[in-house]
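Engineer: The structure follows.
Quick note: the coordinates plus some simple rules give every number you see, no bench work behind them. Note that the structure is predicted; figures quoted are calculated from it, not measured. FYI the Cβ positions are ideal-geometry reconstructions off the backbone, even for glycines, and counts take in every protein chain you see.
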Amino acid sequence: MRSDDTIFAIASGQGRAAVSVIRISGDQTRFVLETIAGKIPAPRRLTLRTLKDPAGEPLDQALVAWMPGPGSFTGEDQAELQIHGGAATRNAVIGVLARIEGCRAAEAGEFTRRAFLNGRMDLTQVEGLADLIDAETEAQRRQAMRQMEGELGHAAEEWREEGLQILALLEASLDFADEGDVPDGLEHQAMTRMQALADRIAKVLSSRSGERLREGLTVVIAGSPNAGKSTLLNRLAGRDVAIVSPFAGTTRDALEVRCDLGGLPVTFVDTAGLRETADPVEQEGVTRARQLAEQADLVLHLVAPDEDVPRLSSERQVLRVATKGDLNRIRHDCDLSISALSGEGLPELLERVEHLAQDMVNPAHASISRERHRALFMESHQMLQRAHSMLETNQAIELATEDVRLAVRALARVTGRLDVEDVLDRLFSGFCIGK
Ligand code: GDP
């Protein structure tokens, strides 16, 4: 596989369709177009052409777009052919392309990989693009679009720039300290800016909204046996998922229903009855249910009519739901009341969950959507904090500088760039030291 090959692929879906789109990218693109479509069309204009094989045999009538680099998606010369969508037409055109010297079928993701390698997209944008293709709900689509447009990448880039400035301040106070010609307070300035940068990173780290949106929110349905958990889940699913039985302890496994609540992906999980039991299999289910409840974004704690409201210790937000509302016991110690049998109270319940979910994913700033971003931001935050406290306690400035360098490196890895070396340029161009 050579990276200077010209690559092609069917960019539209497989199967019979009105139109299929073939993408071509690489140095040979111009030659490919000349071979099969005749004269090169005006750039970025759809032009009707008869495609022909090298022997001059017509293949199809197609709309052809010529997108010369470096302003194209991949940064290379590119073309798109909108051909008729039948399998025979596709195969004929692809067959001709494959026979052209230096051309080959693209690997998965290869167009985007080239866009990244040619600096057309940063890593977060590539991830955003991947998320956009996978987006299932409206809110996920919006977040993926924001990331693809560079929201997170720009934040990381801005912080990296700030990190480099701080580094330059520290380097300057280090290099020129003995010579007495550097203004005082460089170190102090660096510390103030370090703290400010760490605070900004911490703010984004403290919200899990992006990851929640990408992965979906989890709502655990908890409560004692027979509280009505499986019945509620079945009702949500609109089909029989969990086994409903009047005997306690029939639901042994956590079962899930994935919903789209106002554009948010929300998974409801039924848990085995939270009770003490001697049955080892059931005990296993109970343990897993407890763990799930601890990881969940929201816990629906179902309370049966004849039950006292037990304390459910959870760090998560808990909504207390009185079940079996059709049995005519009004209780005031719960947040709301439902009947899974009659469906009464369910719209209100879903509305409450949607509201709480919206609050959890409402991003006021660029949001982290992957563990990779979180790990790197955390690393940069820790390094900045450590550097700051070193300077505070008058430890060697070299060590603090090294930590800031690590912080900058972590930020550079967010967008996939790693040229920490440009701190040197900055150091000598940004400071008029008079040397
Ligand atoms: P779980 O152990 O918490 O999963 O409870 P189930 O969903 O299995 O329900 C236990 C029993 O309560 C079953 O016999 C259900 O038919 C009954 N039940 C569940 N929800 C309702 C309800 O809204 N009204 C009435 N009357 N019975 C219900």
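Engineer: On full extension of the chain, what length is gained from Arg142 through Leu346, given 0.36 nm per residue of separation minus the C-alpha to C-alpha distance?
Structural biologist: Values: separation 204, 0.36 × 204 = 73.44 nm, distance 2.78 nm.
Between Arg142 and Leu346, full extension yields an extra 70.7 nm.
Engineer: Return the sequence-ordered ³J(HN,Hα) values of region 227-236 in whole Hz as given by the Karplus equation 6.51 cos²θ - 1.76 cosθ + 1.60 applied to θ = phi - 60°, using x for Gly and Pro.
Structural biologist: Working through the residues one at a time gives 5, x, 5, 5, 4, 5, 4, 4, 4, 5 Hz.
Engineer: Under 5 Å between amide H atoms, partner at least 5 residues away or on a different chain: which partners does Arg370 have, H built in plane at 1.01 Å?
Structural biologist: Hits under the 5 Å cutoff: none.
Engineer: Which FRET efficiency value, to the nearest 0.05, do you get for Thr50 and Arg200 by plugging their Cβ-Cβ distance into 1/(1 + (r/R0)^6) with R0 = 41 Å?
Structural biologist: 0.10
Engineer: Would you please give the residues with an amide H less than 5 Å from that of Thr267, counting only those at least 5 places away or on a separate chain, with H modeled from the backbone geometry?
Structural biologist: Counting only residues 5 or more places away or on other chains, the set is Leu217, Thr218, Val219, Cys259.
Engineer: Glu149 versus Ala87, label points 7 Å from Cα toward the beta carbon: distance in nm?
Structural biologist: Using points 7 Å along Cα→Cβ, the separation is 4.1 nm.
Engineer: Let me ask something else about it. Rounded, prolate or oblate for region 109-234? Axes are the square roots of the Cα gyration tensor eigenvalues, ordered a ≥ b ≥ c, and the cut-off for rounded is a/c under 1.5. Write down the numbers at each step before the final one.
Structural biologist: Details: a/c = 5.02, a/b = 1.84, b/c = 2.72.
It comes out oblate by the Cα gyration axes.
Engineer: If you don't mind, another one. Which of rounded, prolate, oblate describes region 108-150, given a ≥ b ≥ c as roots of the alpha-carbon gyration tensor eigenvalues and a/c under 1.5 marking rounded, otherwise prolate only if a/b is larger than b/c? Please report the intermediate quantities before stating the final value.
Structural biologist: Values: a/c = 4.12, a/b = 1.81, b/c = 2.28.
Oblate is the answer for region 108-150, as a/c is 1.5 or above yet b/c matches or exceeds a/b.
Engineer: Here's something else I'd like to know. Go through region 379-390 residue by residue and turn each phi into a ³J(HN,Hα) via Karplus (6.51, -1.76, 1.60, θ = phi - 60°); whole Hz please, and just put x for glycine and proline.
Structural biologist: Going residue by residue, I get 4, 5, 5, 4, 5, 5, 4, 5, 4, 4, 6, 5 Hz, with x marking Gly and Pro.
Engineer: Name the residues whose placed amide hydrogens come within less than 5 Å of the amide hydrogen of Ala340, ignoring near sequence neighbours (fewer than 5 apart) on the same chain.
Structural biologist: Lys324, Gly325
Engineer: Rounded if a/c is under 1.5, else prolate if a/b beats b/c, else oblate: with a ≥ b ≥ c from the C-alpha gyration tensor eigenvalues square-rooted, which is region 1-76? Before the final figure, lay out each step's value.
Structural biologist: Values: a/c = 1.40, a/b = 1.20, b/c = 1.17.
Rounded.
Engineer: Quick one: what are the phi-derived ³J(HN,Hα) couplings along region 395-411, Karplus 6.51/-1.76/1.60 with θ = phi - 60°, whole Hz, x for glycine and proline?
Structural biologist: After applying 6.51 cos²θ - 1.76 cosθ + 1.60, I find 7, 4, 5, 4, 5, 4, 4, 4, 5, 5, 4, 5, 4, 5, 5, 4, 5 Hz.
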